[in-house]
Amino acid sequence: MSDTEHYDPSVITFLGALWGKGYLSPGGPEEVGRIVEGLDLTGKTVVDIGSGAGGVALTLVQEQGAGRVIGLDVERDVCETARRLVAEAGLEDRIEIRQVAPGPLPLEDGSVDLVFSKDSIVHIADKEALAADAFRVLKNGGWFAASDWMISHDSTPSQEMAYYIECEGLDFAMASPERYRKALEGAGFRSVALTNRNPWYRDQAQAELDRLTGPERVQFEEQLGADAVAEQIKTWIAMVPVVRSGEHCPHHFRGQKP
Ligand SMILES: C[S@@+](CC[C@H](N)C(=O)[O-])C[C@H]1O[C@@H](n2cnc3c(N)ncnc32)[C@H](O)[C@@H]1O
């Protein structure tokens, strides 16, 4: 694992046990379904930005009917895990996982029907450049539909929020829903809509903490080691209050290229 890698194999296994096989974010296939609700993916070409351990790409094909998914991620271990899961599912002809350098999407202009992302853009600081690039690679009429972890404002984070972000240690570049809206509209997207998922994640985050500290703790410790689980619990204890206050506010967002 290089210095720039944050999701090593034990973290991938831990998060998979917490959130579902191949998932590095909460909510699983149901949450993916909500992000793309009302969009017909049948036979469509999708790019999944920050495809992680591949669970999302599998869901897009197996449950949402996507014809082809190109999963892009910057980290080696997650890409290797994703390729393994794709091979196990026999879907190598429909899901391609590419390890890429951060920066512009390595895709032709107007080449995809849907730009998708689940909880990964939090790692990308320049939301405006990303929105413009998503617009560039979409066909006319295509959608950018995603979820992300956001902060309710663009001022200095509260002390509690700053402490939580420090505990994550994941190079988060959190921004407000308003900044995402402006980035999407500024890039040319129409029908821009954002949905606050804080009310859902508020209960979910507490339930996750209860799992980590309850009878399942021993199993998590077997996968990650006792010290690492204690570190994760510290992060969750820091997260629950900022989710409860609403400062940490995961959102879904979407916009259409005219
Ligand atoms: C919280 S995980 C989510 C992974 C996956 N979307 C999921 O929901 O399971 C964030 C992912 O974003 C990836 N990532 C970080 N910076 C990125 C970048 N500049 N471009 C693409 N992916 C990136 C990380 O390597 C990680 O796999």
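Coordinate-derived values only; no laboratory data. Since we're looking at a predicted model, the values are computed, not measured. FYI the Cβ positions are ideal-geometry reconstructions off the backbone, even for glycines, and counts take in every protein chain you see.
Can you say whether L24 is in a helix (DSSP H, G or I) and within 13 Å of the ligand (Cβ to nearest atom), as far as the supplied structure shows?
Working: in a helix (DSSP H, G or I): no; within 13 Å of the ligand (Cβ to nearest atom): yes.
Spelling it out, it is not the case that L24 is in a helix (DSSP H, G or I) and within 13 Å of the ligand (Cβ to nearest atom).
Name the residues in the stretch 86-135 that are aliphatic (A, V, I, L, M), closer than 13 Å to D48 by Cβ and not in a loop (DSSP other than H, G, I, E, B), would you?
V86, I95, I97, V112, L114, V115, I121, A134
For the structure I just gave you, tell me whether G54 is over 14 Å from the mean Cα position of the chain (by Cα) and at positive phi.
Values: over 14 Å from the mean Cα position of the chain (by Cα): no; at positive phi: yes.
No, not satisfied.
Tell me which residues, restricted to the stretch 5-21, are in a loop (DSSP other than H, G, I, E, B) and either surrounded by 22 or more Cβ atoms within 10 Å (Cβ to Cβ) or near the ligand (Cβ under 9 Å from one of its atoms) (or both). Full working, then the answer.
Taking the stretch 5-21 first, the residues in a loop (DSSP other than H, G, I, E, B) are 5-8, 20-21.
Listed by number, the residues that qualify are E5, H6, Y7, G20.
Mind checking which residues of the stretch 27-69 are of a type in the set (V, I, T), surrounded by fewer than 21 Cβ atoms within 10 Å (Cβ to Cβ) and within 15 Å of the ligand (Cβ to nearest atom)? Talk me through it step by step, then tell me what you get.
Here is the first cut: in the stretch 27-69, the residues of a type in the set (V, I, T) are 32, 35-36, 42, 45-47, 49, 56, 59, 61, 69.
Keeping just the survivors that are surrounded by fewer than 21 Cβ atoms within 10 Å (Cβ to Cβ) gives 42, 45, 61.
Result: V61, single match.
I'd like the residue in the stretch 70-96 that is of a type in the set (V, I, T) and under 19 Å from W19 (Cβ atoms) and, out of all such residues, is farthest from the ligand (Cβ to nearest atom). Show your work before the answer.
The first filter runs over the stretch 70-96 and keeps only residues of a type in the set (V, I, T), leaving 70, 74, 78, 81, 86, 95.
Imposing the further condition that a residue be under 19 Å from W19 (Cβ atoms) reduces the set to 78, 81, 86.
Values: V78: 4, T81: 10, V86: 14 Å.
By that ranking, first place goes to V86.
Can you list residue pairs whose Cβ atoms sit under 8 Å apart, with the first residue in the stretch 178-205 being closer than 20 Å to G142 by Cβ and the second being of a type in the set (D, E)? Count only pairs 6 or more apart in sequence or on different chains.
Partner pairs satisfying both residue conditions: Y180/D148; A183/E128; G186/E128; A187/E128; V192/E185.
Out of the residues in the stretch 206-233 that are over 18 Å from G16 (Cβ atoms) and not hydrophobic (A, V, I, L, M, F, W, C), which is surrounded by the fewest Cβ atoms within 10 Å (Cβ to Cβ)?
Residue satisfying both the conditions and the ranking: P215.
Do we have D203 as loosely packed, with under 15 Cβ neighbours inside 10 Å and over 20 Å from the mean Cα position of the chain (by Cα) here?
Working: loosely packed, with under 15 Cβ neighbours inside 10 Å: yes; over 20 Å from the mean Cα position of the chain (by Cα): no.
So D203 fails the test.
Show the residue pairs meeting these rules: Cβ distance below 8 Å; 6+ apart or different chains; first residue within the stretch 56-80 and farther than 24 Å from P102 by Cα; second residue within 12 Å of the ligand (Cβ to nearest atom) and of a type outside the set (G, A, S).
If the second residue must be within 12 Å of the ligand (Cβ to nearest atom) and of a type outside the set (G, A, S), the pairs left are T59/P29; T59/V32; V61/V69; E63/P29; E63/V32; Q64/V32; A66/L60.
What is the residue count in the stretch 64-85 for residues that are farther than 25 Å from F135 by Cβ and either more than 18 Å from the chain's Cα centre (by Cα) or among the polar types (S, T, N, Q) (or both)? Steps first, please.
If we filter the stretch 64-85 for residues that are farther than 25 Å from F135 by Cβ, which is where we start, we get 75-85.
Among the residues that remain, those that are also either more than 18 Å from the chain's Cα centre (by Cα) or among the polar types (S, T, N, Q) (or both) are: 81, 84.
Count: 2.
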